[in-house]
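Derivation of every value follows stated rules applied to the coordinates shown; laboratory data play no part. If you're wondering where the values come from, they're calculated on a predicted model, not measured in any experiment. Here the Cβ positions follow ideal geometry from the backbone for every residue, glycine too, while neighbour counts run over all protein chains shown.
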């Protein structure tokens with residue numbers, strides 16, 4: 001679970017965004033809606049951050065670290081490089097990171113990789129092995145184990161549970177159904193568009 005210290009103004013904006021995401025996804029993507037609601041509940045249950053004597057990473061360090069993690073998501077996670085990026089020693093960075101985000105850096109990186117994999121599974125027709133590689137997992141088995149641990153389902157099962165997208169090919173009038181991993185063309189009577 002992603003948790004970190006934020007000021008009340010930021011907390012309200014994040015909470016509002018999470019609730020809006022949940023409402024938008026409610027009809028089409030119940031898993032995304034549930035995830036947004038769980039994050040909103042976690043945010044509300046989190047004690048407010050004190051502005052004086054804040055511990056952990058500074059906000060600029062957290063932003064810089066997240067940007068570097070996201071930039072090199074498919075590469076090898078190097079905690080020493082992340083620490084050097086924000087001018088901290090390896091051990092101090094690890095401790096400050098855990099205080100700020102509520103989990104160790106490696107766990108946060110896995111969560112970001114899974115978030116990226118979810119996005120790729122929703123928006124592309126890539127095979128799961130290609131998605132695993134694109135998200136920095138050593139192989140599809142490692143991806144599947146990590147995915148199941150965080151999402152509660154295997155990547156294949158999750159992808160098949162997503163709603164099928166249907167588009168009408170305006171040239172031939174056929175319905176093209178895209179379920180994420182299969183593309184089929186259904187011979188339907190031509191539709192005038």
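Between 108, 100, which is in contact (Cβ under 8 Å) with a residue 60 or more places away in the chain, over 21 Å from residue 31 (Cα atoms) and part of a helix (DSSP H, G or I)? Break it down stepwise before answering.
Values: 108 fails: over 21 Å from residue 31 (Cα atoms).
Exactly one of 108, 100 is in contact (Cβ under 8 Å) with a residue 60 or more places away in the chain, over 21 Å from residue 31 (Cα atoms) and part of a helix (DSSP H, G or I), namely 100.
The conditions are (1) over 19 Å from residue 39 (Cα atoms); (2) within 18 Å of the chain's Cα centre (by Cα), and residue 66 fails exactly one of them. Which is it?
Looking at each condition in turn, residue 66 falls short on (1).
Which numbered condition in (1) farther than 21 Å from residue 13 by Cβ; (2) touching a residue at least 24 places away in the same chain (Cβ under 8 Å) is the only one that residue 39 fails?
(1)
Pairs needed: first member in segment 135-149, closer than 17 Å to residue 120 by Cα; second member anywhere, in a loop (DSSP other than H, G, I, E, B); C-beta distance under 6 Å; at least 6 residues apart or different chains.
So the pair list comes out as 136/73; 136/74; 143/137; 144/154; 148/154.
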